[in-house]
1. Checking the table K11/K46; K65/K106; K11/K166; K46/K166; K31/K196; K65/K177 against a 23 Å threshold on Cα-Cα, which pairs fail?
2. Let me know the Rg and Dmax you get for segment 109-208 when you use only its Cα atoms, in Å.
3. Roughly how many Å is it from the Cα centre of segment 110-162 to that of segment 164-205, as a whole number?
4. What ranking of C185, C108 comes out by heavy-atom accessible area, probe 1.4 Å, highest first?
5. Just want to confirm a number: the relative contact order over the chain, from Cα pairs under 8 angstrom separated by 6+ residues, in percent.
6. For Q83, which sequence-distant residues (separation of 5 or more, or a different chain) have an amide H within less than 5 Å of its own amide H, given hydrogens modelled in the peptide plane?
7. Under the Kirkwood approximation applied to all pairs of distinct alpha-carbon atoms, what is the hydrodynamic radius of segment 13-53 in Å?
8. Leaving out ligands, DNA and RNA, what percent of the accessible area of segment 77-196 is carbon and sulfur, probe 1.4 Å?
Amino acid sequence: MFRLNNRLQIKQETLQESVIYYIDNFYLHPKKVEEYLFDPETPLHKIEQKPSYNNIHFEDRRLIKEDERINTVVDFLSQICGQQPDTYDIVTNMQRFFDHDFNDYKNCVWWPHQDTGYNGIVYFSDECGTNLYSIDTTDEFPNVPEHYKPWRPREKYEILKTIEPKYNRLVLFDGFKFPHGVDICNDRYYGEDYRKNQVFFFRIDADV
């Protein structure tokens, strides 16, 4: 299922002294992986947190599942980024949007946040990648659930880099150093189609 392409080429670039890794054509059989990972019945993410507009103005779904077949992939990425896995679980993201008035991507950005260390993303969509933001922001995050006020004022964030998506592309970047979030740059996913990716999480306090 999760067999990697046997001709992987790892490319690198440096942003503020931090290395970003790119691997195109990551999975040998990406369509099989996609069919296994993504289902419209995938649970809504953080739906227990209230108040929430998830499943009202948008859908944010996440699969979290144990599957030992993914362990070799996680270990491979751990060696590349030099950090221990935060989890070996399969984790996915599925998003689509309904209400253009609420989902104002022209004037807002979607939920900039930081994670525990390096993040890995395998894109199964070819539009709307990932923004990396400057740590400096004038935005004051409200103390509310993520899906209540996920859109933040665009003018209060400096985009350092937009990682461009490509089907079956793996990207590793420091999700602790760079606040980051999905780059909703058009209305591609305002309809029936989901933006889909698989994600991996590593820990900055645990070197390999």
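1. Those over the limit are K11/K46; K65/K106; K46/K166; K65/K177.
2. Considering segment 109-208 through its Cα atoms, Rg and Dmax are 13.8, 42 Å.
3. When both Cα centres are located, 10 Å separates them.
4. C185, C108
5. This gives 30 percent for the chain.
6. Answer set, sorted by chain and number: V208.
7. 14.3 Å
8. Whole-percent figure for carbon plus sulfur exposure: 43.
The values are calculated or read from the model by the stated rules, or taken from the named source; none is laboratory data. Not measured: the values here are computed from a predicted model. Side chains are part of the model used for accessible areas, which takes the heavy atoms of the whole protein and leaves out ligands, DNA and RNA. Shrake-Rupley method; radii C 1.70, N 1.55, O 1.52, S 1.80 Å.
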